[in-house]
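Peer 1: The structure's right below; bear with me while I get my questions together.
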Amino acid sequence: MLRALLLLAGFLLLRVEGQQPNNLPSNGVQLYLPYENRIIRDYSMIYASQFYDVDQNNDANDINDALWCQSANNGANIGVWYYPNGTEVPLTDNAFYDSNTNPSPVFSKRFSGQIALARSGGLSGYEGLYKCIIPDENGVDQILVVGAYTVAGYNNNGM
């Protein structure tokens with residue numbers, strides 16, 4: 001009985017890392033929010049509770065619920081995320097959910113044609129307009145912007 005309870009507790013605490021999405025645009029660039037399963041417009045505002053460093057919503061495809069900046073240019077090692085203050089968000093090669101080595105509260109991780117902005121901690125103090133610079137299919141850098149806020153920060157910004 002105790003063994004069954006321990007197995008159940010372990011199962012409930014399991015966090016699924018997830019994988020990168022496979023919905024790159026056929027042309028141009030886009031922002032993809034898997035937690036909501038939708039492409040969002042440039043200059044959208046999102047809650048911190050809408051992007052993570054794991055597959056938080058346990059969707060059928062196990063897509064990591066980070067915020068994805070995607071391009072029709074499917075080259076490797078493309079894209080850079082910037083904090084609201086203009087400094088570069090740290091890039092990692094570690095597994096998404098590696099709390100021992102990944103920066104907090106946010107970090108970025110590259111895949112072919114896309115770069116993730118993953119949240120590993122609270123966003124308070126790091127709210128504002130995040131920018132992604134990523135080349136399109138012609139190699140021309142494009143800038144995509146998204147406002148990321150806590151509930152209080154979101155409410156204070158006119159929403």
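Read-outs: derived from the displayed coordinates by stated rules, not from any lab. All values reported here derive from a predicted model rather than from experimental measurement. So basically every Cβ, Gly included, is an ideal-geometry build from the backbone, and we count neighbours across all protein chains shown.
Peer 1: Quick check on packing: order 108-119, 140-151 by the mean number of other C-beta atoms within 10 Å, highest mean leading.
Peer 2: Details: 108-119: 23.2, 140-151: 16.9.
So the peptides 108-119, 140-151, ranked by packing, come out 108-119, 140-151.
Peer 1: A further question on this structure: Excluding Asn37 itself, calculate the net charge of residues whose Cβ lies under 11 Å from the Cβ of Asn37, where each Lys or Arg counts +1 and each Asp or Glu counts -1.
Peer 2: Working: positive: Arg38; negative: Glu36, Asp59, Asp65.
Combined, the nearby Lys, Arg, Asp and Glu give -2.
Peer 1: Can you give the Rg and Dmax of the range 2-156 based on its C-alpha atoms, in angstrom?
Peer 2: Looking at the range 2-156, its Cα Rg and Dmax stand at 15.9, 60 Å.
Peer 1: Another question about this same structure. Please give the net charge around Thr150, taking every other residue with its beta carbon less than 14 angstrom from that of Thr150, where Lys and Arg add +1 and Asp and Glu add -1.
Peer 2: Numbers: positive: Arg119; negative: Glu127.
Net of charged neighbours comes to 0.
Peer 1: Can you order the peptides 25-32, 85-92, 47-54 by their average number of other Cβ atoms within 10 Å per residue, highest first? Mind showing how you got there, number by number?
Peer 2: Working: 25-32: 17.2, 85-92: 12.9, 47-54: 20.4.
Ranked by mean Cβ neighbours within 10 Å, highest first: 47-54, 25-32, 85-92.
Peer 1: Could I ask something else about it? Rounded, prolate or oblate for the range 80-132? Axes are the square roots of the Cα gyration tensor eigenvalues, ordered a ≥ b ≥ c, and the cut-off for rounded is a/c under 1.5.
Peer 2: Because a/c hits 1.5 or more and a/b fails to exceed b/c, the range 80-132 counts as oblate.
Peer 1: Same structure again: Can you give the % of DSSP beta bridges in the range 82-159 that are antiparallel, to the nearest 5?
Peer 2: On the way: 16 of 17 bridges.
Given both bridge residues lie in the range 82-159, the antiparallel proportion sits at roughly 95 percent.
Peer 1: Just grab the label-to-label distance for Ala95 and Ala76, each label 7 Å out from Cα along the Cβ direction, in nm (one decimal).
Peer 2: 2.1
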